[in-house]
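Take a look at the structure set out below.
The values are calculated or read from the model by the stated rules, or taken from the named source; none is laboratory data. Computed from a predicted model, the values in this text were never measured in an experiment. Heads up, the Cβs are rebuilt from the backbone with ideal geometry, glycines too, and the neighbour counts pull from every protein chain shown.
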Protein chains: 4
Amino acid sequence: MSRTRVVLIGAGFIADIHAECYHRFVPDAELVGVYSRSEAHARAFARKHGIARWFIDLEEALGQPDCDVADVCLPNHLHARVTIDAVKAGKHVIIEKPLCLTIEEADSMIVAGRAHNRKLMYAEELCFAPKYERVRQLVREGAVGSIYYMRQCEKHSGPHSDWFYDFDQSGGGALMDMGCHGFAWFRWMLGAEAKALSVYAQMQAGLIHGARTRCEENSLSIVEFDRGVVGIVENSWAKLGGMEDRIEVCGTGGVVYADLFMGNSALTYSEKGYGYAMEKAGPTQGWTFTNFEEVFNQGYPHELKHFIECVRNDRTPVTTAEDGRTVLEMLNAAYYSARTGQKVSLPFRPTVSKPIDLWLGSANASSSIRL
Amino acid sequence: MSRTRVVLIGAGFIADIHAECYHRFVPDAELVGVYSRSEAHARAFARKHGIARWFIDLEEALGQPDCDVADVCLPNHLHARVTIDAVKAGKHVIIEKPLCLTIEEADSMIVAGRAHNRKLMYAEELCFAPKYERVRQLVREGAVGSIYYMRQCEKHSGPHSDWFYDFDQSGGGALMDMGCHGFAWFRWMLGAEAKALSVYAQMQAGLIHGARTRCEENSLSIVEFDRGVVGIVENSWAKLGGMEDRIEVCGTGGVVYADLFMGNSALTYSEKGYGYAMEKAGPTQGWTFTNFEEVFNQGYPHELKHFIECVRNDRTPVTTAEDGRTVLEMLNAAYYSARTGQKVSLPFRPTVSKPIDLWLGSANASSSIRL
Amino acid sequence: MSRTRVVLIGAGFIADIHAECYHRFVPDAELVGVYSRSEAHARAFARKHGIARWFIDLEEALGQPDCDVADVCLPNHLHARVTIDAVKAGKHVIIEKPLCLTIEEADSMIVAGRAHNRKLMYAEELCFAPKYERVRQLVREGAVGSIYYMRQCEKHSGPHSDWFYDFDQSGGGALMDMGCHGFAWFRWMLGAEAKALSVYAQMQAGLIHGARTRCEENSLSIVEFDRGVVGIVENSWAKLGGMEDRIEVCGTGGVVYADLFMGNSALTYSEKGYGYAMEKAGPTQGWTFTNFEEVFNQGYPHELKHFIECVRNDRTPVTTAEDGRTVLEMLNAAYYSARTGQKVSLPFRPTVSKPIDLWLGSANASSSIRL
Amino acid sequence: MSRTRVVLIGAGFIADIHAECYHRFVPDAELVGVYSRSEAHARAFARKHGIARWFIDLEEALGQPDCDVADVCLPNHLHARVTIDAVKAGKHVIIEKPLCLTIEEADSMIVAGRAHNRKLMYAEELCFAPKYERVRQLVREGAVGSIYYMRQCEKHSGPHSDWFYDFDQSGGGALMDMGCHGFAWFRWMLGAEAKALSVYAQMQAGLIHGARTRCEENSLSIVEFDRGVVGIVENSWAKLGGMEDRIEVCGTGGVVYADLFMGNSALTYSEKGYGYAMEKAGPTQGWTFTNFEEVFNQGYPHELKHFIECVRNDRTPVTTAEDGRTVLEMLNAAYYSARTGQKVSLPFRPTVSKPIDLWLGSANASSSIRL
């Protein structure tokens, strides 16, 4: 069976990670092209990763006849349109988180996928991160009894690219960027049968990024699930000292703690400093928590390998566009809760052009909000 | 200058800790008596700690003429009455957390203290725990810039004594028992000028203690302070594996993490097990986090020494009955928020006979609630 | 280019790990056969790993014409003979640690490899463990200045298979089993130009395995390198609580600590226990350090992938049979030092039928020792 | 009973720690004087600690009639002479580690103590450090079965005062300064009945202190005890990043790890840095391990309180001058071993003017060595 051919749509930070993963860990896939709107980026990326073709025309990129999969690594506001174009061009599509900016977009993506019989995978790598996946397995084995409480946090000092700061492109700040991880991971831990009942959230802005953004820089969200389970997600663009990604699972028969970055690291003291310690770690003089195989430990290879196997064996991905849509609904509820100071019940289907409008309100919104 | 004479009112878990502290770390104090309603307890306690007199009559205990201080270590619902009796008997009083069950009680205590010119100290040992106090100092030095987020959690597998399970005696469950620590500590970290604006909370019951209690066994509270600071407190009576007490302080210039129990411990693997690893740690076979000088590390000696010095030098304690009342108000707001699903603004002055009524509602309340 | 075909010689603990690695991480290799002297083992192993052919005749296994590589996972005393047979049969060979039992064997293996122009790789996975490899890279970047001291320890509660207990098959105990890791890793850290000058060692026997073995159960070895560098290796078959594998690198400009097992783990408290926490961890009730991707984190995939690439691209492995021979010489010196209480200078070329004889002495030796 | 009156002989780093301890934790003692050869130091020290009298004349300091205890905190080469003068002046004496420079000196001190019926305590604070003491207790409870292996390390970036660099004052480098801790602690762990049989050691010099010293900057020592127990001590003046003090106890039924500095700390990330993180920690920008109650956690208060109680109640200290002499003998053996590359059997009674001569040899020795 020949290799599954993949075109990368995007040439930024996350596209780079995906390219490394296909190359090292997904032998059944072959990167056959890369798209960027910048010719220089496209060309450099293709050369760096040994990809034969590069494109600055999206239609052309998606139109390659000998290609099976489009891997969408673009800014959030482009996810829906590009995904729909890709399935129309006959591609199976894997879409980086968050799925898109609105529920309407999500619905259109799902409809398009079904109409063209193409698979859509929502790329939630936390559901594949090997340490967290090990935790999930032991919970399934009954190690901690029944889960009643979970905590997940992902925090760092700010986004990789400037487009995140612009809520018209990103849809929101730290919560939009990373809260999606926690929400998806809770659902993965609890299993398909779990139902989120409500979301409460608190946002903080203007912490360390000044005029660069009006997005929230720190957020705290509480999700209630049926069967009495509570989950809390903490996200930040204002946490210095490198990436933090931790989980905690409390059950009636025990507890598990896992830390994805500092918890895997070597501990280094360096008078002079050195090249790189950890994603967004800052200077490396003094003590640092040195990471290794960061991409593997975050589950990207496992995620991409899974999608390629789904495509090759006609199976449904463990995280689908429907999951992405549910997470988006929870993000919407969180933003709205931050405005009202009330727990927001699910389902919650406001009409709004981007999630953060629900917090900042109509005066700031680029469109009217209908709840 | 002769030693300051103290009578211990109570002979349970916390009284035992206080007695050890006076003996080892507060040479300026002398324990001259102990009260328990049980003669056996009073007698045994006095013998264990070398205390000359024991009492089963409270009036007699408080009436000792040659005694300066009453240290109140009784169930929560007795705090107010005994404190007032004690100041009437001319004692300075240190009262274990939480201060009492109602704002009205708190007011009466404060009024009585002033009327008789006696000092009241609210015994919040977390404001004295040396690791946390070191953190506070470095924050004051500017180590982490401006605080915008704090987290404190205290969790274990359930209370020391059965009276905690009975909300008529305790006033509430895990939140009442331990949330008071987090609320007080936030205020201590931010300084006298900080003002709590609102509280949101989530409660969970029926986790591992079954019919023994109707109190919340797990809780999560969010406090908003002015200047945009947010604090989160996690409390549990359902967390197995021993005590957990952690803090996290996020500022615009850095972050600090501290862990009071596991974070100080020796790490032991024992095939056969041994006597004691940590408060509420359970069996000691396999891996355990062995604690040492637990009482010192929690700040009890520093707290008691501070009060004795205040009494001797006529100074105001760093945590007063007023602080205890403010914390109680926050506890009230948290319970009410858990019932309404809304952020509760402060000041919040409901008339209720105990905080948990605000969550369980009037059907369960032993009295009507007036907001 | 077609896949490189590999026959596994051995079907025990380590063969199982290798099979998993080829399957998941080395797409350029294909397992075409497995040998075990036990038909049941061979058959079961082939079925488990989807290998087409199994053998109980070694000659037949090595004689497959369409196979490029033999991967030797047999007890130590068989390494030399099987390796030589394999190269004669035209295979490139990767040999599990330690290389063999005597310097003479090592020389014969090397001579045979050269005579038949076949590659020999010494399978020292610690030189590929990603956390340790990251440490090596940062040392190369100058993060800690000049190394002057290193520590490596590998400890657990005893071997996987009974043959390790029999020194005629294993050549020695904890040191022979695991000291080879530390010795090889020191050399890898310091680079090809480093020269070991002397070895001192201390052995302890009869700790927890009773009559099952006369081998050392705990050992401590000190290696002096030129340029004044000192390394210490600690090994144990008597350390309860699961695998321990740690390193420490001290330089004139800093220090690095890394822990391969506990240092990557999730921390679990389980009342009931669960299936598996970590290699040799014992019961899983109470606190455990839960590992994940253990095989990956130990570097096995990287090691095997490297060898397959060497074979395909005609390059020299980073750990050769010559490295294995040097490590064996250091092991010999360590055993002899334990007997004499003196530092043993290198080169050290005793004639002895197995390393442990140099410690236990001629009375216990199955052959005479000639220094 | 009135307070026990103490004169501090010395006004440097360790004297400062002792003064803080007496003041905060030893209410039964009263500091009545301090001696320094520098008037400025003596005067400033007395003022800082509220001590009534200061001396620059040693005889005068020791001659105070109303004083019971001399606490000797001087450079090593002065310990013997001053101790003997102090007992002659009728003082009980506590002597900082190491006891003195030669076995002859140790004998004279012991003889003098007996002749004048004065108590001599060897101030080994590690035998009082509460975390390590907790470990000792659990070992006594049988938590880890029979000890067969121990490790202790104490490392930092170099001494507090310049006199340590001068071996005529210090007697040796990192080993002399800190190896004494490990040797004493092993004996304390194993109990009075344990007998050290041999010592092996390795020294390294010229690492980071350049021409400032000819002393060893890094050392590694192995002690064999009867009953087959092995202990290893690692010491350094060349380890950057702050104090390291760790222990490891391996027994036939388990293992314990404890870390006195990083293992108790709060973890801080500070962009700007702050005042002080830990003894010898260097700059505080970036990540630091913030210590608290360092003096308490090292056991100084417990040690001094113990001695004062011994004096008041006429009991024998747990660490006597005889213990100090045994440790000194082990230090001598270590230095000699480093020169010969051989394990040195105990008892070992060379005649030498200072321990390091046994390593550097007679050409460097300020006197001849007689073994």
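Looking at C:Tyr257, C:Tyr336 in this structure, which one is of a type outside the set (A, V, I, L, M), crowded, with 22+ Cβ neighbours inside 10 Å and in contact with a strand residue (DSSP E or B) (Cβ under 8 Å, 6 or more places away or on another chain)?
C:Tyr336 is the lone residue from the list that is of a type outside the set (A, V, I, L, M), crowded, with 22+ Cβ neighbours inside 10 Å and in contact with a strand residue (DSSP E or B) (Cβ under 8 Å, 6 or more places away or on another chain).
Examine region A:166-177 for a residue that is crowded, with 24+ Cβ neighbours inside 10 Å and acidic (Asp, Glu), and state whether such a residue exists.
Pass one, region A:166-177, residues crowded, with 24+ Cβ neighbours inside 10 Å: A:167, A:170-177.
If we keep only those that are acidic (Asp, Glu) too, we end up with A:177.
Yes: one or more hits.
Go through the residues of region A:69-83 one by one and say whether even a single one is touching a residue at least 40 places away in the same chain (Cβ under 8 Å), touching a Pro at 6+ places or on another chain (Cβ under 7 Å) and within 28 Å of A:Asp314 (Cα to Cα).
Yes, some residue in region A:69-83 is touching a residue at least 40 places away in the same chain (Cβ under 8 Å), touching a Pro at 6+ places or on another chain (Cβ under 7 Å) and within 28 Å of A:Asp314 (Cα to Cα).
Quick check on my filter: what residues within region B:115-129 are closer than 17 Å to B:Leu62 by Cα and not in a strand (DSSP E or B)?
Scanning region B:115-129 gives B:His116, B:Asn117, B:Arg118, B:Lys119.
Scan region C:136-159 residue by residue and report those that are within 17 Å of the chain's Cα centre (by Cα) and either aromatic (Phe, Trp, Tyr) or surrounded by 24 or more Cβ atoms within 10 Å (Cβ to Cβ) (or both).
C:Gln152, C:Glu154, C:Lys155, C:His156, listed by residue number.
Here are D:Val144, D:Val139: which of them is of a type in the set (A, V, I, L, M, F, W, C), touching a Ser or Thr at 6+ places or on another chain (Cβ under 7 Å) and within 14 Å of chain B (Cβ to nearest Cβ)?
Only one candidate qualifies: D:Val144.
Taking the condition over 17 Å from the mean Cα position of the chain (by Cα), hydrophobic (A, V, I, L, M, F, W, C) and away from every other protein chain (no Cβ under 14 Å), does B:Ile110 pass?
Yes: the conditions hold for B:Ile110.
Out of all the residues in region B:108-122, is one or more buried (at least 24 other Cβ atoms within 10 Å of the Cβ) and either under 27 Å from D:Ser265 (Cα atoms) or of a type in the set (Gly, Ala, Ser) (or both)?
Within region B:108-122 (the criterion being buried (at least 24 other Cβ atoms within 10 Å of the Cβ) and either under 27 Å from D:Ser265 (Cα atoms) or of a type in the set (Gly, Ala, Ser) (or both)), the answer is no, since none of the residues qualifies.
For region C:165-202, how many residues meet the condition of being out of contact with any strand residue (DSSP E or B) (no Cβ under 7 Å at 6 or more places or on another chain), within 20 Å of C:Val135 (Cβ to Cβ) and among the small types (Gly, Ala, Ser)?
Matching residues across region C:165-202 total 3.
Among the candidates C:Arg339, C:Arg315, which residue alone is part of a loop (DSSP other than H, G, I, E, B), free of Cβ contacts under 8 Å to residues at least 60 places away in the same chain and either farther than 26 Å from C:Lys195 by Cα or not polar (S, T, N, Q) (or both)?
Values: C:Arg339 fails: part of a loop (DSSP other than H, G, I, E, B).
Unique residue meeting the criteria: C:Arg315.
Looking at region A:251-290, which of its residues are away from chain D (no Cβ under 13 Å), touching a residue at least 24 places away in the same chain (Cβ under 8 Å) and under 24 Å from the mean Cα position of the chain (by Cα)?
Of everything in region A:251-290, those that are away from chain D (no Cβ under 13 Å), touching a residue at least 24 places away in the same chain (Cβ under 8 Å) and under 24 Å from the mean Cα position of the chain (by Cα) turn out to be A:Val256, A:Ala258, A:Leu260, A:Asn264, A:Glu279.
Return the total of residues in region C:124-136 being within 8 Å of another protein chain (Cβ to nearest Cβ) and basic (Lys, Arg).
Adding up the residues that qualify gives 2.
Part of a helix (DSSP H, G or I) and out of contact with any Ser or Thr (no Cβ under 7 Å at 6 or more places or on another chain), is that true of C:Trp163? Lay out the reasoning, then the answer.
Details: part of a helix (DSSP H, G or I): yes; out of contact with any Ser or Thr (no Cβ under 7 Å at 6 or more places or on another chain): no.
No, not satisfied.
Read through the list (1) over 20 Å from the mean Cα position of the chain (by Cα); (2) more than 20 Å from A:Lys343 (Cα to Cα), then give the number of the only condition that B:Leu197 fails.
Single failed check for B:Leu197: (2).
Among the residues of region A:69-94, write down those that are surrounded by 24 or more Cβ atoms within 10 Å (Cβ to Cβ), assigned to a loop (DSSP other than H, G, I, E, B) and in contact with a His (Cβ under 8 Å, 6 or more places away or on another chain).
A:Cys73
Tell me, please, whether a residue that is part of a strand (DSSP E or B), within 19 Å of the chain's Cα centre (by Cα) and surrounded by fewer than 21 Cβ atoms within 10 Å (Cβ to Cβ) can be found in region A:222-230.
So the first thing to find is which residues in region A:222-230 are part of a strand (DSSP E or B), and the list is A:222-225, A:230.
From what is left, the residues that are within 19 Å of the chain's Cα centre (by Cα) are A:222-223.
The next check asks that each one be surrounded by fewer than 21 Cβ atoms within 10 Å (Cβ to Cβ); those that pass are none.
Checking region A:222-230: not a single residue is part of a strand (DSSP E or B), within 19 Å of the chain's Cα centre (by Cα) and surrounded by fewer than 21 Cβ atoms within 10 Å (Cβ to Cβ).
Does any residue in region A:189-204 that is more than 14 Å from chain B (Cβ to nearest Cβ) come within less than 7 Å, Cβ to Cβ, of a residue that is surrounded by fewer than 17 Cβ atoms within 10 Å (Cβ to Cβ) six or more places away or on a different chain, and which pairs are these?
Close Cβ pairs (under 7 Å, with a partner that is surrounded by fewer than 17 Cβ atoms within 10 Å (Cβ to Cβ)) amount to A:Ala194/A:Asp226; A:Lys195/A:Asp226.
Is one or more of the residues making up region C:95-114 part of a strand (DSSP E or B) and either of a type in the set (D, E, K, R) or touching a residue at least 12 places away in the same chain (Cβ under 8 Å) (or both)?
yes
Take the conditions away from chain B (no Cβ under 14 Å), within 23 Å of C:Pro283 (Cβ to Cβ) and touching a Cys at 6+ places or on another chain (Cβ under 9 Å) and apply them to C:Asp245. Does it pass?
Criteria met by C:Asp245.
Only one of these conditions is not met by A:Thr288: (1) at pLDDT 95 or above; (2) surrounded by fewer than 22 Cβ atoms within 10 Å (Cβ to Cβ); (3) among the β-branched types (Val, Ile, Thr). Which number is it?
Condition not satisfied by A:Thr288: (2).
Here are the criteria: (1) closer than 18 Å to B:Glu309 by Cα; (2) surrounded by fewer than 18 Cβ atoms within 10 Å (Cβ to Cβ). Tell me which single one B:Pro65 does not satisfy.
B:Pro65 satisfies every listed condition except (1).
Is region C:318-335 home to any residue that is without any contact (Cβ under 8 Å) to a residue 24 or more places away in the chain and either part of a helix (DSSP H, G or I) or within 12 Å of another protein chain (Cβ to nearest Cβ) (or both)?
No, that holds for no residue.
If D:Glu133 passes every condition in (1) farther than 24 Å from D:Pro65 by Cα; (2) crowded, with 24+ Cβ neighbours inside 10 Å but one, which one does it miss?
Result: D:Glu133 passes all but (2).
Looking at region C:205-221, which of its residues are free of Cβ contacts under 8 Å to residues at least 24 places away in the same chain and surrounded by fewer than 23 Cβ atoms within 10 Å (Cβ to Cβ)?
C:Gly206, C:Gly210, C:Ala211
Out of (1) more than 7 Å from every other protein chain (Cβ to nearest Cβ); (2) over 22 Å from A:Leu190 (Cα atoms); (3) in contact with a strand residue (DSSP E or B) (Cβ under 8 Å, 6 or more places away or on another chain); (4) not in a loop (DSSP other than H, G, I, E, B), what's the single condition that is false for A:Pro301?
So A:Pro301 meets the others, but not (3).
Considering only residues that are of a type outside the set (A, V, I, L, M, F, W, C), within 23 Å of B:Gln202 (Cβ to Cβ) and away from chain D (no Cβ under 14 Å), which ones fall in region A:215-242?
A:Glu216, A:Asn218, A:Ser219, A:Ser221, A:Glu224, A:Asp226, A:Arg227, A:Gly228, A:Gly231, A:Glu234, A:Asn235
Scanning for something among the hydroxyl-bearing types (Ser, Thr, Tyr) and over 25 Å from D:Ser337 (Cβ atoms), does region C:202-215 turn up at least one residue?
Filtering region C:202-215 for residues among the hydroxyl-bearing types (Ser, Thr, Tyr) gives C:213.
From what is left, the residues that are over 25 Å from D:Ser337 (Cβ atoms) are C:213.
Scanning region C:202-215, I find at least one residue that is among the hydroxyl-bearing types (Ser, Thr, Tyr) and over 25 Å from D:Ser337 (Cβ atoms), so the answer is yes.
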